[in-house]
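Read the structure below first, then the notes.
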Amino acid sequence: MRALAILGSKLSQNVSKTLSKYREGFDNLHGVLLGYEIVDLFYCRYYENLGYIRLGSYNIFELLYEKPNRTCIITDWNKYADLLVYKALNGIIRKRNIEYAEKLMDKLMKLWDGFGFKDKAFKGSYESYKIALAVYLWRTIRKYNPTYTKYAETILKIDSITYILQDKNLGGFYTHYSVINGKIVPYGDINVETTSIFIISYLQ
């Protein structure tokens with residue numbers, strides 16, 4: 001919904017109205033991208049089925065609510081690119097701790113291999129949303145510290161990859177990409193979640 005609102009789409013109100021019937025609150029993770037504080041611990045995740053929505057005559061969509069499994073704590077969160085970003089953003093939201101965010105940005109960039117983030121979850125291909133998250137964190141740090149220019153060249157590299165990952169016909173972003181002979185090759189789905197994160201990261 002936030003991405004649609006950023007783009008000025010009237011659909012944001014319709015989507016909000018439809019999903020309000022299933023509103024369960026934030027999932028204690030991704031809400032940090034919208035400025036909401038999350039808990040300090042990271043947990044494994046699972047999906048709870050909230051029901052189905054029929055749109056039109058044939059399209060039926062399953063509604064899944066991603067929730068934390070509080071019996072499974074992720075202790076090595078600093079080995080995951082996305083969790084590093086969420087942790088840094090949460091520090092900014094809670095205590096305006098920009099210095100801590102910059103330190104986590106350093107840790108994040110140690111996972112950068114020139115094409116993407118090769119973190120613990122890496123399985124031979126790059127996850128697109130993680131480069132968008134890096135841009136989000138970098139821009140947020142600069143919002144509070146305008147003199148921060150560290151990793152500016154890497155962000156420019158990410159910008160060039162982002163351009164390739166956007167489908168020129170549909171406008172959305174591919175979920176994954178690989179590198180073949182030094183060339184970025186997008187693949188996977190063009191989905192709402194990935195596209196929304198890119199919109200929020202670049203336009204919010």
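The values are calculated or read from the model by the stated rules, or taken from the named source; none is laboratory data. Please read all numbers here as calculations on a predicted model, not as lab measurements. A quick note on method: Cβ atoms are made from the backbone with ideal geometry, for glycine too, and the neighbour counts reach across all protein chains shown.
Please count how many residues of segment 107-120 are surrounded by fewer than 19 Cβ atoms within 10 Å (Cβ to Cβ), closer than 10 Å to Leu84 by Cβ and touching a residue at least 24 places away in the same chain (Cβ under 8 Å).
Residues that pass the stated criteria total 2.
Looking at Val179, Val185, which one is of a type in the set (A, V, I, L, M) and touching a residue at least 60 places away in the same chain (Cβ under 8 Å)? Steps first, please.
Details: Val185 fails: touching a residue at least 60 places away in the same chain (Cβ under 8 Å).
Unique residue meeting the criteria: Val179.
For Lys120, all conditions in the list (1) assigned to a helix (DSSP H, G or I); (2) of a type in the set (D, E, K, R); (3) within 23 Å of Tyr43 (Cβ to Cβ) hold save one; what is the number of the exception?
Status for Lys120: all satisfied but (1).
Keeping to segment 68-86, report how many residues are of a type outside the set (A, V, I, L, M, F, W, C) and free of Cβ contacts under 8 Å to residues at least 40 places away in the same chain. Quick ask: steps written out before the conclusion?
Quick first cut of segment 68-86, residues of a type outside the set (A, V, I, L, M, F, W, C) only: 68-71, 75-76, 78-80, 82, 86.
Filter again for free of Cβ contacts under 8 Å to residues at least 40 places away in the same chain, leaving 69-71, 75, 78.
Number satisfying all stated conditions: 5.
Can you find, within segment 29-54, the residue that is nearest to the chain's Cα centre (by Cα) among those that are of a type in the set (D, E, K, R) and farther than 22 Å from Ile92 by Cα? I'd like the intermediate steps shown before the answer.
Of the residues in segment 29-54, the ones of a type in the set (D, E, K, R) are 37, 40, 45, 48, 54.
Imposing the further condition that a residue be farther than 22 Å from Ile92 by Cα reduces the set to 45, 48, 54.
Numbers: Arg45: 15, Glu48: 20, Arg54: 27 Å.
Among those that are of a type in the set (D, E, K, R) and farther than 22 Å from Ile92 by Cα, it is Arg45.
Can you report the number of residues in segment 61-93 which are part of a helix (DSSP H, G or I) and either in contact with a helix residue (DSSP H, G or I) (Cβ under 8 Å, 6 or more places away or on another chain) or at pLDDT below 95 (or both)?
Quick first cut of segment 61-93, residues part of a helix (DSSP H, G or I) only: 77-79, 81-93.
After this cut, where a residue has to be either in contact with a helix residue (DSSP H, G or I) (Cβ under 8 Å, 6 or more places away or on another chain) or at pLDDT below 95 (or both) as well, the list is 77-78, 81-93.
Total satisfying the criteria: 15.
Any residue at all in segment 121-129 that's touching a helix residue (DSSP H, G or I) at 6+ places or on another chain (Cβ under 7 Å), of a type in the set (D, E, K, R) and buried (at least 16 other Cβ atoms within 10 Å of the Cβ)?
no
Between Lys87, Lys103, which is basic (Lys, Arg), within 15 Å of Ile141 (Cβ to Cβ) and either buried (at least 21 other Cβ atoms within 10 Å of the Cβ) or in contact with a strand residue (DSSP E or B) (Cβ under 6 Å, 6 or more places away or on another chain) (or both)? Give the derivation first.
On the way: Lys103 fails: either buried (at least 21 other Cβ atoms within 10 Å of the Cβ) or in contact with a strand residue (DSSP E or B) (Cβ under 6 Å, 6 or more places away or on another chain) (or both).
It is Lys87.
Does any residue of segment 190-201 turn out to be modelled with pLDDT of 95 or more, more than 28 Å from Ile92 (Cβ to Cβ) and not in a strand (DSSP E or B)?
No - not one qualifying residue is present in segment 190-201.
Quick one: would you say Tyr22 is modelled with pLDDT of 85 or more, surrounded by 11 or more Cβ atoms within 10 Å (Cβ to Cβ) and either under 20 Å from Glu193 (Cβ atoms) or touching a helix residue (DSSP H, G or I) at 6+ places or on another chain (Cβ under 8 Å) (or both)? Before you say what the answer is, go through the steps one by one.
Working: modelled with pLDDT of 85 or more: no; surrounded by 11 or more Cβ atoms within 10 Å (Cβ to Cβ): yes; either under 20 Å from Glu193 (Cβ atoms) or touching a helix residue (DSSP H, G or I) at 6+ places or on another chain (Cβ under 8 Å) (or both): yes.
No.
Criterion first (exposed (fewer than 13 other Cβ atoms within 10 Å of the Cβ), among the hydrophobic types (A, V, I, L, M, F, W, C) and not in a helix (DSSP H, G or I)) does Leu170 satisfy it?
On the way: exposed (fewer than 13 other Cβ atoms within 10 Å of the Cβ): yes; among the hydrophobic types (A, V, I, L, M, F, W, C): yes; not in a helix (DSSP H, G or I): yes.
Yes, satisfied.
Could you say whether any residue in segment 126-145 is touching a strand residue (DSSP E or B) at 6+ places or on another chain (Cβ under 6 Å), under 20 Å from Tyr36 (Cα atoms) and either modelled with pLDDT of 95 or more or outside any helix (DSSP H, G or I) (or both)?
Checked against the condition, which is being touching a strand residue (DSSP E or B) at 6+ places or on another chain (Cβ under 6 Å), under 20 Å from Tyr36 (Cα atoms) and either modelled with pLDDT of 95 or more or outside any helix (DSSP H, G or I) (or both), segment 126-145 yields at least one hit.
Checking the structure you have, find out if any residue of segment 148-158 is at pLDDT below 95 and small (Gly, Ala, Ser). If you could, list the steps in order and put the result at the bottom.
Filtering segment 148-158 down to residues at pLDDT below 95 leaves none.
No: zero hits.
Is there a residue being within 16 Å of Leu84 (Cα to Cα) and under 20 Å from the mean Cα position of the chain (by Cα) anywhere in segment 55-64?
Start the filter on segment 55-64 by keeping residues that are within 16 Å of Leu84 (Cα to Cα), which leaves none.
No, there is no match, as no residue in segment 55-64 is within 16 Å of Leu84 (Cα to Cα) and under 20 Å from the mean Cα position of the chain (by Cα).
Quick check: anything in segment 106-114 aliphatic (A, V, I, L, M), over 18 Å from the mean Cα position of the chain (by Cα) and at pLDDT 95 or above?
Taking segment 106-114 and keeping what is aliphatic (A, V, I, L, M), we get 108-109, 111.
Those still in the list that are over 18 Å from the mean Cα position of the chain (by Cα) too: none.
Scanning segment 106-114, I find no residue that is aliphatic (A, V, I, L, M), over 18 Å from the mean Cα position of the chain (by Cα) and at pLDDT 95 or above, so the answer is no.
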